[in-house]
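Report on the following structure.
Quick note: the coordinates plus some simple rules give every number you see, no bench work behind them. As the structure is a computational prediction, the values presented were derived from the model and not from experiment. A quick note on method: Cβ atoms are made from the backbone with ideal geometry, for glycine too, and the neighbour counts reach across all protein chains shown.
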Number of protein chains: 2
Amino acid sequence: MAEPVFPRLTVVGFGLIGGSVARAAKAYGLAGHVTAADNSPAVRTRVRELDVVDAVADSLAEAVAEADAVVLSVPVGESGPVVQAMAPFLKPGVVVSDVGSVKAAVIAAVTPHLPDHASFVPAHPVAGTEFSGPDAGFAELFADRWCILTPYERSTEAGVAAMGRLWQGFGARVETMAPRHHDLVLAITSHVPHLIAYNIVGTAAHLEEVTQSEVMKFSAGGFRDFTRIAASDPTMWRDIFLNNKDAVLEMLGRFSEDLSSLQRMVRFGDGDGLFELFTRTRAIRTGIIAEGQETAAPDFGRRKG
Amino acid sequence: MAEPVFPRLTVVGFGLIGGSVARAAKAYGLAGHVTAADNSPAVRTRVRELDVVDAVADSLAEAVAEADAVVLSVPVGESGPVVQAMAPFLKPGVVVSDVGSVKAAVIAAVTPHLPDHASFVPAHPVAGTEFSGPDAGFAELFADRWCILTPYERSTEAGVAAMGRLWQGFGARVETMAPRHHDLVLAITSHVPHLIAYNIVGTAAHLEEVTQSEVMKFSAGGFRDFTRIAASDPTMWRDIFLNNKDAVLEMLGRFSEDLSSLQRMVRFGDGDGLFELFTRTRAIRTGIIAEGQETAAPDFGRRKG
């Protein structure tokens, strides 16, 4: 067990990420006491049944009153309202953090409501599965994944250091980045891929010539992998696109430009151009495997066992 | 062991699919004798070392002379030339088949070279991994996957029945479809998803604001899954796009239309529209899992063990 980073930690929002943060904090001994809060009574009941935290609070006031650190794990559109609601009850010196996939918009929403005596350390663990809800989390979710901290003028040095230790304790690799740069990097590595996956799954559902049953039966050829991405939490993703609009639109513009050029290659039968692109893209995957962000095991075959 | 479907089976082209067909035919006893052919001397040497077939032929003549069935497992652009080259040596009554991802173009390329005494049963196993080469195949690749047969006027009834038994023996589920319908179904379930994956990986490699190293480090957010698709064999995929141009362009047109509408929702902050689409796409994945073409296990988290 590690030395606890915080005597008392509160997780607000017990979905996939919040539930994994709470489980990891307990499993690795990184908080002396873990409190969970969630605005859904059904989720609170389920968290009590799961018995993975020390306390489940029925109000935000109760949840944060004694907390040394509060991790917001709510859809990014709710970060501002939640901090506004909890602000009167926050303990002096508390470190507030979040796990949102968008940083500039969250900072803009949270800062006006943050008491002077609180530090806000925006964070984004780049990890997840396509599942959501209180049962979806697990302590090992963040192992060998990156967690990006985007400190700004309301982040105390001590708060940034403590959050860094917490995430390292979860097994994550910690990187620091400017909020706007984070939003641009994530637009291309995560937000636009999700948008495209949602889009093609939507297209496939509305064809006259091909039935939905055929789409499902023959999905092993590539489509299946898009559906996994397109099965992610709808509220979370709606909020991401609403809150990272500029970077998403910029990256989507690049994507569409490149797709037009690729479409032209197909139309005019430019085999050399296609071959050249398809060879270059293979090299990127080799780099990702070398980075430890993926294994080399073939996945299309879905080998058993 | 099953009753052999063919006394002597020849596989031409020993890549991922051909190598899996040969291994499965041996493993499940579906051919009395399996011969492998490949136009690369290095591949032939490797197949001899692997010791997974009964014979490795150094010429097409030698490979097919005694064969009761020949399965072409070459890039779809080579099917015509290979059948032309082997035609003089084919045994009367032989069943020729293939494994190509495109059917109408292969039928058009093969038919003029097919001897009158031969039957051609076009086939497409919807299975694969992102790996290629003689070591990539495995006997279980086709288990619970679909194999689509697209018989036409040069497919004998006996040939279609035998090929159906062969693929069922590999553990595949067999479906019959008209060649052009197959090409349309696969355009949306496989070809366009691959084109899009290749495209976004290409886009990500050429940004000024985000470095290639950042793209690789933070790929766990969704991009990573596209790179797996975009690491597939470049020659095979070039040939697919050159040979299924019309269906791919039609489906790509639909995709781009839908993407423009989605882009508009992001630009104008239409949260309800985004939420509605993201909820609908989730249901399609449930259907794919129900079809047995995917497991419900979360994959984004890449759980160890």
Exercise. Report the dimensions of the stretch B:181-290 along its three principal axes from the alpha-carbon atoms, largest first, rounded to Å.
Key: 40, 36, 29
Exercise. Distances from B:Gly269 to the same position in the other copies: list them in nm, one decimal, shortest first, using label points 7 Å from Cα along Cα→Cβ.
Key: 5.1
Self-check item: Lysine pair number, Cα distance threshold 27 Å (strictly under), chain A, separation 8 or more or different chains
Solution: 5
Practice problem: Determine one quarter of the surface area of the Cα convex hull of the stretch A:131-173, which equals its mean projected area, and express it in nm² to one decimal. | Solution: 3.8
Self-check item: Loop-located GluC sites (Glu not before Pro) in the stretch B:93-159 whose Cβ has at most 11 other Cβ within 10 Å (DSSP)
Solution: B:Glu153
Quiz item: D for chain A, whole µm²/s, Stokes-Einstein with Kirkwood Rh over alpha-carbon pairs at 37 °C and 0.692 mPa s: what number?
Solution: 157
Quiz item: What's the local net charge at B:Phe14, with K and R +1, D and E -1, over the other residues with C-beta under 14 Å away?
Solution: -3
Quiz item: Can you give me the Cα centroid spacing of the stretch A:229-282 and the stretch B:231-301 in angstrom?
Solution: 11
Quiz prompt | FRET efficiency, 1/(1 + (r/R0)^6) with R0 56 Å, evaluated for B:His117 and A:Arg180 via beta carbons | solution = 0.20
Quiz prompt | Prolate/oblate/rounded label for the stretch B:23-82 (Cα gyration tensor, a/c 1.5) | solution = oblate
Quiz item: What's the center-to-center distance, using Cα atoms, between the stretch B:105-121 and the stretch A:181-228 in Å?
Solution: 36
Exercise. Apply the membrane-span-like helix rule to chain B: whole DSSP H runs, Cα extent along the own long axis of at least 20 Å, mean Kyte-Doolittle hydropathy at least 0.0. List the helices found.
Key: B:271-290
Quiz item: Rg/Rh for the stretch B:85-161: what does it come to with C-alpha atoms and Rh from Kirkwood?
Solution: 1.00
Quiz prompt | Translational D in µm²/s for the stretch B:6-177 (Stokes-Einstein at 10 °C, 1.306 mPa s, Kirkwood Rh from C-alpha pairs) | solution = 103
Practice problem: Please give the direction-averaged projected area of the C-alpha convex hull for the protein assembly as shown, in square nanometres with one decimal. | Solution: 27.4
Quiz item: Computed over the Cα atoms, what is the radius of gyration of the stretch B:134-205 divided by 2.2 N^0.38 Å, N being its residue count?
Solution: 1.43
Quiz prompt | FRET efficiency estimate (nearest 0.05) - Cβ-Cβ, A:His206 to A:Glu276, R0 25 angstrom | solution = 0.15
Practice problem: With N set to the residue count of the stretch A:122-252, report its C-alpha Rg divided by 2.2 N^0.38 Å to two decimal places. | Solution: 1.27
Exercise. Assign unit charges at the C-beta atoms only (+1 for Lys and Arg, -1 for Asp and Glu), then state the dipole size of chain B relative to its Cα centre in Debye, rounded to the nearest 20.
Key: 460
Self-check item: Selected from A:Gly159, A:Gly271, A:Gly171 as most flexible by GNM, with chain A as the system and alpha-carbon contacts under 10 Å
Solution: A:Gly271
Quiz item: If you count the DSSP beta bridges with both ends in the stretch A:6-177, what percent of them are antiparallel, to the nearest 5?
Solution: 10
